[in-house]
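Structure record follows, encoded as structure tokens.
The values are calculated or read from the model by the stated rules, or taken from the named source; none is laboratory data. No experiment lies behind these values; they were computed from the predicted model shown. Heads up, the Cβs are rebuilt from the backbone with ideal geometry, glycines too, and the neighbour counts pull from every protein chain shown.
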Amino acid sequence: MATYAVNMIVYILMFLSIITKDVGGSAICWTKTDPEHIRIALRPTGVTISWTTCGYWDFWNLINDTPTPQVAYGTDPKVCDKLSSYNFTTSYNPYPIVKRFFHNVYLDNLDAGTKYYYKIQETEKCVRASSILSFTTAPLIINCELQPINISIVGDLGLNTYFNNYEAEQTIIAMKKYISISNFFMHIGDISYADLYGAIVNFDFYEDTWNRFQKAIEPITSIMPYQVLPGNHEATCLQLSDKVCPQHLKNFTAYNNRFHMSGELSGGYKNMWYSYDYGQAHIVMINTETDFKDAPSGPGTTLNAGNFLGIDSQLAWFEQDLIEANKPENRAERPWIIVAGHRPMFGSTSKAQVQIAGYPIIAPSDNCAACRDAFLPILCKYGVDFFMAGHVHWMELLYPLDCNGDVVANHFNNVDGVIHVTNGAGAAPTGAETVDTADMYRRAFFFGGYGFQQLEIKNCTHATLHFIDSSTKQIINSTDVVRSRSANNI
Ligand SMILES: [Fe+2]
């Protein structure tokens, strides 16, 4: 019945497309629309600006309404006198009603620490120009005592959905409150949770949930970089199994079209794994879902995703990336090395209670042993400072850990070891997870509510981790981390 209704709508739209004519062409636009879901991602010397449009009907076909995506930009809002360079458009859903076009342009060779204004250009058909927006580029590193940066980090978020998720809305409101003291955002997997609704009505709710999520976070993504990495909820259109999903909604396809990270520029792969520099930090985004041995969302698993480049390429790239970041001249300039991936390696969870449509169930929410086997030896070997994870729906800060997962010291003042943070408290539709007290000796801080974190890098030796409660919008914990960068503490 639902399929019949959708098909009827398609026929009506096609009929209207025949009887209505747009000025200057045979195609129609009901009205000119705004570019949607405007989003920014980092490039080595600039940014990618991306946005989404709906296309237009030309008799039986849905046509790309933005054949030449372009952005005008400059440092004066009245004179956006430069034009973006390279551009491209992608699309993945063949069904016209839900099909979208994803446009991307590059702004390169920008000055450091500079505020730029930009405007997405009007197209000949159907798409209005955007308003004039702005963003600020990464600060120039002059010396280690200057240019502090703040990275806001959220995981496992979603948004208000058909089954209601009021808490995610509160987290997004809290995130907006911290825009003015953030340089950029990282979303460490489980982004829109569209896959909880994928099987309903011709897969339309899957795309619709993605659209509504990207609209909800546009006030953030349109004015500062929003760096993403893959979680299990990005893998396919239905979390329970990929078998009912059409091919074009499997294997992280929506995720890799709806965002555009600069994977290949760092030797990585699409939005799946890549690295970038920002201020005094080198940041590596890894894929804990596929492309390594026994990966939890890999081929043959329920989500049956990857391997994109086999099971060895990501790890080989990861080690080579850290070798390069650890060269003395590079580590002197960017001493903080942050690795982020969706699934935690350690934490005091062995099982968790989550909710499906309001009903509590016990779900395996284990720390990822396969991730630990694959990535931990490399994390340890190259003196990584932080491992930022999500997936488990709480916030937990662990004391610095050695390569065996043992606590190095019960403080953060000039000790070795990787500092693991689990930050999956964005407010996933499946609810907060209950506390398992079986394994708490590593725990330095815990919060069982909803929120996100902010990593404040003050200089080359001092940083502070802040944890923010979505309900009050207040910082509920700040933990200082000191690394003098001598001896073993690289
Ligand atoms: Fe997850």
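For region 457-471, a tally of residues being of a type in the set (Gly, Ala, Ser) and either surrounded by fewer than 20 Cβ atoms within 10 Å (Cβ to Cβ) or under 20 Å from Pro335 (Cα atoms) (or both) returns 2. When you go through (1) within 16 Å of the ligand (Cβ to nearest atom); (2) buried (at least 24 other Cβ atoms within 10 Å of the Cβ); (3) assigned to a loop (DSSP other than H, G, I, E, B) one by one for Asp291, which number turns out not to apply? Of (1) within 16 Å of the ligand (Cβ to nearest atom); (2) buried (at least 24 other Cβ atoms within 10 Å of the Cβ); (3) assigned to a loop (DSSP other than H, G, I, E, B), only one is false for Asp291: (1).
In region 238-271, how many residues are of a type in the set (A, V, I, L, M, F, W, C), more than 18 Å from Phe102 (Cα to Cα) and either under 13 Å from the mean Cα position of the chain (by Cα) or within 16 Å of the ligand (Cβ to nearest atom) (or both)? The total comes to 2.
Output the residues belonging to region 228-237 that are within 14 Å of the ligand (Cβ to nearest atom) and either in contact with a Phe, Trp or Tyr (Cβ under 7 Å, 6 or more places away or on another chain) or of a type in the set (Ser, Thr, Tyr) (or both).
The answer is Val228, Pro230, His233, Glu234, Ala235, Thr236.
Just checking, does region 298-307 include any residue being within 26 Å of Ile153 (Cα to Cα) and of a type in the set (S, T, N, Q)?
No, region 298-307 contains no residue that is within 26 Å of Ile153 (Cα to Cα) and of a type in the set (S, T, N, Q).
If the condition is being at pLDDT 95 or above and more than 27 Å from Ile283 (Cβ to Cβ), then region 212-236 contributes no residue at all. Just wondering, is there one or more residues in region 386-407 that are small (Gly, Ala, Ser), out of contact with any helix residue (DSSP H, G or I) (no Cβ under 7 Å at 6 or more places or on another chain), within 16 Å of the ligand (Cβ to nearest atom) and part of a strand (DSSP E or B)? Yes - at least one qualifying residue is present in region 386-407.
Ser84 falls short on exactly one of the conditions (1) closer than 16 Å to Asn256 by Cα; (2) surrounded by 16 or more Cβ atoms within 10 Å (Cβ to Cβ), and that condition is (1). Within region 307-352, the set of residues being in a loop (DSSP other than H, G, I, E, B), more than 16 Å from the ligand (Cβ to nearest atom) and under 18 Å from Lys293 (Cβ atoms) comprises Asn307, Phe308, Leu309, Gly310, Ile311, Asp312. Among the residues of region 426-484 satisfying the criterion of being of a type in the set (Val, Ile, Thr) and modelled with pLDDT under 95, which is nearest to the ligand (Cβ to nearest atom)? Among those that are of a type in the set (Val, Ile, Thr) and modelled with pLDDT under 95, it is Thr430. Kindly check whether there is at least one residue in region 373-396 that is among the aromatic types (Phe, Trp, Tyr) and either closer than 16 Å to Asp190 by Cα or not assigned by TED's automatic domain parsing to the domain that holds Tyr193 (or both). Yes: region 373-396 contains one or more residues that are among the aromatic types (Phe, Trp, Tyr) and either closer than 16 Å to Asp190 by Cα or not assigned by TED's automatic domain parsing to the domain that holds Tyr193 (or both). Here Ile40 meets each of (1) without any contact (Cβ under 8 Å) to a residue 12 or more places away in the chain; (2) in a strand (DSSP E or B) with one exception, condition (1).
If you go through region 126-144 and keep only what is among the β-branched types (Val, Ile, Thr), in a strand (DSSP E or B) and modelled with pLDDT of 95 or more, you end up with just Thr136.
Within region 166-211, the residues that satisfy the criterion of being at pLDDT below 95, part of a loop (DSSP other than H, G, I, E, B) and hydrophobic (A, V, I, L, M, F, W, C) are Ala199, Ile200, Val201, Phe203.
Conditions (1) surrounded by 18 or more Cβ atoms within 10 Å (Cβ to Cβ); (2) closer than 30 Å to Asn330 by Cα; (3) at pLDDT 90 or above; (4) β-branched (Val, Ile, Thr), marked per residue:
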{"position": "Lys99", "(1), (2), (3), (4)": "no, no, yes, no"}
{"position": "His103", "(1), (2), (3), (4)": "yes, no, yes, no"}
{"position": "Asp111", "(1), (2), (3), (4)": "no, yes, yes, no"}
{"position": "Tyr117", "(1), (2), (3), (4)": "no, no, yes, no"}
{"position": "Glu124", "(1), (2), (3), (4)": "no, no, no, no"}
{"position": "Leu146", "(1), (2), (3), (4)": "no, yes, no, no"}
{"position": "Val154", "(1), (2), (3), (4)": "yes, yes, yes, yes"}
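Candidates in region 353-371 are the residues that are within 16 Å of the ligand (Cβ to nearest atom) and outside any strand (DSSP E or B); of these, the one that is modelled with the lowest pLDDT is Ser365. Being out of contact with any Cys (no Cβ under 9 Å at 6 or more places or on another chain) and outside any strand (DSSP E or B) is the filter; apply it to region 463-486 and report the residue that is nearest to Ile149 (Cα to Cα). Only one residue fits best here, namely Ser484.
None of Gly306, Gly298 is surrounded by 22 or more Cβ atoms within 10 Å (Cβ to Cβ) and either in the same structural domain as Asn423 (by TED's automatic domain parsing) or closer than 28 Å to His103 by Cβ (or both) except Gly306.
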